1. Can you work out ³J(HN,Hα) from phi for every residue in region 273-290, in order, using Karplus 6.51 cos²θ - 1.76 cosθ + 1.60 and θ = phi - 60°, giving whole Hz and x for Gly and Pro?
2. In whole Hz, what ³J(HN,Hα) sequence does region 205-216 give by Karplus (6.51, -1.76, 1.60; θ = phi - 60°), x for Gly and Pro?
3. Which residue, LEU28, THR46, HIS60, has the largest displacement toward the positive end of the dipole of region 25-101 when charges sit on each Cβ (Lys, Arg +1; Asp, Glu -1)?
4. Determine, at each q value in 0.13, 0.14, 0.25, 0.26 (inverse angstroms), the log₁₀ of I(q)/I(0) that the Debye formula gives when each Cα of region 47-99 is one equal point scatterer.
5. Estimate the FRET efficiency between GLN224 and LYS143 by the formula 1/(1 + (r/R0)^6), using the beta-carbon distance for r and 30 Å for R0, to the nearest 0.05.
6. Tell me, what ³J(HN,Hα) does each residue in region 244-258 have, in order and in whole Hz, if you take phi through Karplus 6.51 cos²θ - 1.76 cosθ + 1.60 with θ = phi - 60° and put x for Gly and Pro?
7. Charges on Cβ only, +1 for Lys and Arg, -1 for Asp and Glu, centred on the Cα centroid of region 201-273; of TYR252, LEU212, LEU236, which one is farthest towards the dipole's positive end?
8. Quick one: which residues, 5+ away or cross-chain, put their amide H under 5 Å from the amide H of PHE64? H built at 1.01 Å from N.
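Just so it is clear, none of the values below were taken in a lab; they were calculated from the coordinates. If you're wondering where the values come from, they're calculated on a predicted model, not measured in any experiment. Counting neighbours? That spans all protein chains shown, and the Cβs are built from the backbone with ideal geometry, glycine included.
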Amino acid sequence: MTGFDSYDTLENHQSSVLEIPQLGRSGLEHGIQYMLRSVEKIPDGTGNTTWDIRQMAVYHKFDFIHGKAFWLNIKTDNSMSRRIKEAMAEDPIINSALSKDISGSFAATLRTHLVHLEWCDKSSREYIYDIHGEIRKTLKGFKEAQTGKKYDIHSSSPVEHVGSGMQPKTIETNGLRHSFSRRLTEEIEDLTDLDRLPFRESEKLDSYFEQLETFSLVLQLHRQTLRDIADHYESLAARDSLPSEMVTRSFYSDLDSFSYRIGRIQKNLEVCVTQVKFLMSWLRKERELVGLFISVNERTVLTPTCLPV
């Protein structure tokens with residue numbers, strides 16, 4: 001599901017590689033592709049923003065002799081293009097066209113990968129903070145919806161009817177009849193007042209739980225993609241068939257820096273995974289309490305009220 005794949009032609013026979021010198025292609029190259037997912041704030045058409053999971057497919061090739069790099073990013077908007085331009089303005093090394101040698105081109109390749117990978121990490125903590133706040137707001141609304149007035153049948157005093165010429169027993173019976181009738185009317189009104197019922201809050205909590213489940217899967221896939229990319233370049237560095245033009249001191253130092261940056265992203269993701277697991281555990285308990293409350297209320301409200309005879 002990560003879409004990761006890689007290849008190289010380092011061990012291929014000379015007759016099987018495609019060399020096009022006019023295009024800067026020696027035939028000795030490696031390619032890598034992967035799929036990334038991240039949460040982004042998307043305008044909802046009402047002036048507000050909502051969180052949505054977006055995907056991006058990446059395909060990359062690098063020529064080991066000429067240092068030519070090819071990139072293909074597929075995304076539904078131009079946000080990654082903006083990120084690349086901003087990164088190039090801040091770090092000129094990313095612009096491989098300015099590189100004067102293969103080492104510079106390779107360093108630009110690694111930095112470009114990091115721009116992609118950090119996109120996945122960028123909004124994760126903000127998303128977790130926002131959904132945590134929405135869950136708390138929903139639970140608060142649920143609790144406030146349950147603090148409506150409850151009519152107490154004992155609060156209606158039949159003494160107020162004394163002096164009407166009716167006997168005490170008759171007064172008491174009529175008072176109770178009036179109390180139960182009023183209580184039944186209120187219960188029927190509760191059933192028709194959907195805003196006071198907790199079903200909407202319960203549905204919101206279910207939706208938040210599903211969103212967290214999906215986001216948890218996204219984090220796991222991203223962690224796997226990071227491992228795959230790191231393993232690919234570590235394996236590449238250990239290849240004896242690498243052209244001598246590639247094997248320089250800067251080549252290994254750039255790979256060390258790349259591995260360190262990936263390690264930082266992985267640690268950030270581990271923190272996010274822990275936070276999401278905590279949120280899901282907490283939300284699961286709250287949903288059970290809400291479900292229990294709804295079940296008790298349904299049995300209470302839907303049980304016919306018996307009027308005294």
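1. Residue by residue, region 273-290 yields 4, 4, 5, 5, 4, 5, 4, 5, 5, 5, 5, 4, 5, 5, 5, 5, 5, 5 Hz.
2. Each residue of region 205-216 in turn: 5, 4, 5, 5, 5, 5, 4, 5, 4, 5, 5, 4 Hz.
3. Most positive-ward Cα: LEU28.
4. Each listed q corresponds, in turn, to -0.46, -0.52, -1.12, -1.15.
5. Values: r = 40 Å, r/R0 = 1.33.
My answer for the efficiency is 0.15.
6. 4, 5, 7, 7, 10, 4, 5, 4, 6, 5, 5, 5, 4, 5, 4
7. The Cα lying farthest towards the positive end belongs to TYR252.
8. When sequence neighbours closer than 5 places are left aside, the close amide H contacts are LEU28, GLU29, HIS30.
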